[in-house]
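Reviewing the structure listed below.
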Amino acid sequence: MDDEHSAPRRRASVELLRAEAGDELAALVHERLRAGEDPWEFMEDLPTVDELVVFTLRAEHIAADGGLRPTHARNQRLLRQIAADYPELTRAVWRLIGQENTHRRWDAVVRVIDRA
């Protein structure tokens, strides 16, 4: 199925998406602080607000396509489409496209390292 046909309709302004992502991020930080984690150890592992918005939009695209996990090439197209649909998120999209095998646990491109 073509990406344009499977793309969900644009659901909200970037400002609203950022506000929702900011609330979600604050809740994640609060949860980890209540669990006794040191913010110096986990803050850099968390996505930025814009990265979280991009991943939310990416998840909506995936859900609209039946929930199939995208191939690397389709993931790149999805991210570029998000940048085209939401120009304000372009910087975050390009950061995510440029990150291969990052250390962040939440990142879609994290690879499991076989230590055998």
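The values are calculated or read from the model by the stated rules, or taken from the named source; none is laboratory data. No experiment lies behind these values; they were computed from the predicted model shown. Quick reminder, even Gly has a Cβ in these numbers, built from the backbone with ideal geometry, and neighbours come from all protein chains shown.
Taken together, the residues in the range 42-76 that are in a helix (DSSP H, G or I) and either more than 21 Å from Leu16 (Cα to Cα) or touching a Pro at 6+ places or on another chain (Cβ under 7 Å) (or both) amount to 14.
Is it the case that some residue within the range 87-97 is outside any helix (DSSP H, G or I) and modelled with pLDDT of 90 or more? Looking for residues that are outside any helix (DSSP H, G or I) and modelled with pLDDT of 90 or more, one finds none in the range 87-97, hence no.
For the range 55-65, filtering for residues that are surrounded by fewer than 15 Cβ atoms within 10 Å (Cβ to Cβ) and without any contact (Cβ under 8 Å) to a residue 40 or more places away in the chain leaves 1.
Looking at the range 26-80 only, could you name the residues that are among the small types (Gly, Ala, Ser) and farther than 20 Å from Glu15 by Cα? Quick ask: steps written out before the conclusion?
Applying the first criterion (among the small types (Gly, Ala, Ser)) to the range 26-80 yields 26-27, 35-36, 59, 63-64, 66-67, 73.
Answer for the range 26-80, where residues must be among the small types (Gly, Ala, Ser) and farther than 20 Å from Glu15 by Cα: Ala35, Gly36, Ala63, Ala64, Gly66, Gly67, Ala73.
Take Leu52 and decide whether it is surrounded by 15 or more Cβ atoms within 10 Å (Cβ to Cβ) and modelled with pLDDT of 90 or more. Yes.
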